[in-house]
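Right, one structure below, let's go through it.
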Amino acid sequence: MKVRSRLLPALARREYPTVLELVGRTPIVRLDRLSREVPGQLLAKLEYLNPGGSVKDRIGLAMIEAAEQAGKLRPGGTIVEPTSGNTGVGLVIAAALRGYRCIFVMPDKMSQEKISMLRAYGAEVVITPTAVDPHSPESYYSVSDRLAEEIPGGYKPDQYSNPSNPETHYETTGPELWEQTDGDIDAIVISVGTGGTITGVGRYFKERKPDVRIVGVDPEGSIFTADERHPTGPYLVEGIGKECWPDTLDADVVDEWVRVSDRDSFRVARRLAREEGLLVGGSTGTTAHAGIELAKRLGSDARVLMFFPDSGRSYLSKFYDDNWMIQYGLLERTTPPPAVEAVLRFRRVGHDVPDLVTVGSHEKVGSAIDTMQRYGISQLPVVRNEPVDSLADVVGSLHERALLDRVFRNPDALNEDVAVAMQPPLPAVDADASVVEVYEGLSGTNGAVVVATAGKPTGILTRSDLLEFLAAQRSQVQS
Ligand SMILES: Cc1ncc(COP(=O)(O)O)c(C=O)c1O
């Protein structure tokens, strides 16, 4: 089968000494499908095609070399860095080739994929709480400070204050972009974390083409675009936004700031994967949403260049997962949540416990315990009549834990009437109710609910029943 020629441009014989020589020179692609919505042309620089998967590969080596030249990092040393993950990869690739140990300190909001990736490169990862003040001893800033001090030969590059960060983008990313476009772009849109990318690229372009529009993009809740109506607060998108202004950001190069919500960030990132075939990270969605809105305001000959910092492979368990999006209220459930009846139906498979097991209020506690053991259940509705025709017949409930306390303190309680030992009835739900409603009923102290069909008790549903059902649903979705 003849492979189409344009897929195989002539390749000069070239072997690279290390993977580090592959950092940078990332390609620019036209986004022709998304550009249909704007008068001009949308362009993307795919920084996620760097060997480590993000724009941060560029600063990893640079910060290490600067530290070596300054004598701050010596052979056998240990690099300690606070990171959302990507700078960690940029550092650990260079460190692997230079024999440095790496310890990365990450807030717990970051994806498991990123944590596993750093460990895969042989780094140690310390997880810290996200929702703490940046100056608190628990923050990833303070923990990395402490570790770098305590460990012999420890060194913290600190991307948030390290001048090599913006310098690298001024010396490599800026010139690269200028060369690739001959400066023929009208706006450059960049999402901001340390501000290193926008500062370096912005300065380089402002020196050569002052009228190029440099647009800084910020997640809603971050300090760069906070104001009275938009105070700082938590947000889900990773790698961008801050609680304080970093030294590595020169805000003077930024002509305009755009604030973007998590919902728009993730919606546009998912569109890029499905409409342009680009599996990108959340901050790329943030950037592209701002880029599209900007391009709508600019003329038909405007060329808007957006930086796409990292890959979607680090977020498959997050915004690319519909259940995760639904859980965070960022996506409407397309299929209605399953009903209680479906959980009961599921439980019947492989379980020979009757749907509804009850005990009469005049039975003895001892025989109630026998019933519980016979069916392996830990709570029982107490009824005044059998058969049970309506919820009104359910007058109480027995719970294993409370029964144990009672019998432990007074063994004679075994001979008491259930009516004496019982507790208030379990909450009742309708068999047509959705599992979402039941979840609320089960998340309190009650480990079970009575299920009624047309007002007639027909089953008991426990927390573990719902858990088993949801786990089975999940494995069905994943299979
Ligand atoms: C995913 C992602 N996007 C954007 C950025 C922002 O880049 P900069 O720190 O150069 O502002 C980062 C920085 O860590 C990042 O990890």
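Each value in this text was obtained by applying a stated rule to the coordinates, not by laboratory testing. Since the structure is predicted, the reported quantities are computational estimates derived from the model, not experimental observations. Note: ideal-geometry Cβ built from the backbone for every residue, glycine included; neighbour counts use all protein chains shown.
Observations on the model:
- Between Lys209 and Leu97, the modelled labels are 3.1 nm apart [label points 7 Å from Cα along Cα→Cβ].
- Electrostatic bookkeeping for Asp158 treats Lys and Arg as +1 and Asp and Glu as -1; over the other residues with beta carbon under 10 Å from its beta carbon, the sum is -2.
- For Val125, distant residues with modelled amide H under 5 Å away: Phe104
- Summed over qualifying helices (DSSP H, 4 residues or more, each -39500 (n - 2.57)) and divided by its residue number, the chain shows a 222 nm mean residue ellipticity of -10500 deg cm²/dmol.
- Using 0.36 nm per residue and subtracting the Cα-Cα separation, the extra length available between His362 and Ala342 on full extension is 3.9 nm.
- Protection proxy ranking of 37-43, 163-169, by the mean of other Cβ atoms within 10 Å over each peptide's residues and highest first, is 163-169, 37-43.
- Each Lys or Arg adds one and each Asp or Glu subtracts one; over the other residues with Cβ under 13 Å from the Cβ of Glu65, this totals 0.
- Spin-label proximity, Asn410 to segment 359-377 - amide N less than 15 Å from point 7 Å beyond Cα toward beta carbon: 365-366
- Given Lys56/Lys114; Lys56/Lys242; Lys45/Lys109; Lys45/Lys206, the pairs whose alpha carbons are separated by over 21 Å: Lys45/Lys109
- Linear extension gain, Glu68 paired with Ala251, 0.36 nm per residue minus alpha-carbon span: 63.0 nm
- Pairwise Cα distances in segment 354-430 exceed 16 Å in 45 percent of cases.
- Cα-projected label distance for Lys109 with Ser136, points at 7 Å along beta-carbon direction, nm: 1.3
- Computed from backbone phi with θ = phi - 60° and the Karplus coefficients 6.51, -1.76 and 1.60, the 3J(HN,Hα) list for segment 386-393 is 10, x, 8, 9, 8, 4, 5, 6 Hz; x is used for glycine and proline.
- log10 of Debye I(q)/I(0), alpha-carbon scatterers only, for the chain at 0.14 Å⁻¹: -1.23
- Maximal additional length on extending the Ala273-Arg36 stretch stands at 83.7 nm, based on 0.36 nm per residue less the C-alpha distance.
- Note on Lys296: aspartates and glutamates with a C-alpha under 20 Å away, same-chain residues under 8 apart excluded, are Asp32, Glu37, Asp184, Asp186, Asp211, Asp218, Asp255, Glu256, Asp264, Glu275, Glu276.
- Sites matching trypsin sites (Lys or Arg not before Pro) across segment 210-298 that sit in DSSP coil, with at most 12 neighbouring C-beta atoms within 10 Å: Arg229
- Sites Lys456 and Gln423 - FRET efficiency at Förster radius 22 Å, r taken between beta-carbons, to 0.05: 0.45
- Coupling constants for segment 90-99 follow from the phi torsions by the Karplus curve (6.51 cos²θ - 1.76 cosθ + 1.60, θ = phi - 60°), and in residue order they are x, 6, 5, 5, 5, 5, 4, 7, 10, x Hz; glycine and proline get x.
- In loop segments of segment 208-308 as defined by DSSP, the GluC sites (Glu not before Pro) with at most 14 further C-beta atoms inside 10 Å of their C-beta are Glu228.
- Estimated FRET transfer efficiency (Glu150, Tyr121; beta-carbon r; R0 25 Å; 0.05): 0.65
- Amide H partners (placed H, <5 Å) of Ile214, local residues excluded: Ile188, Asp255, Glu256
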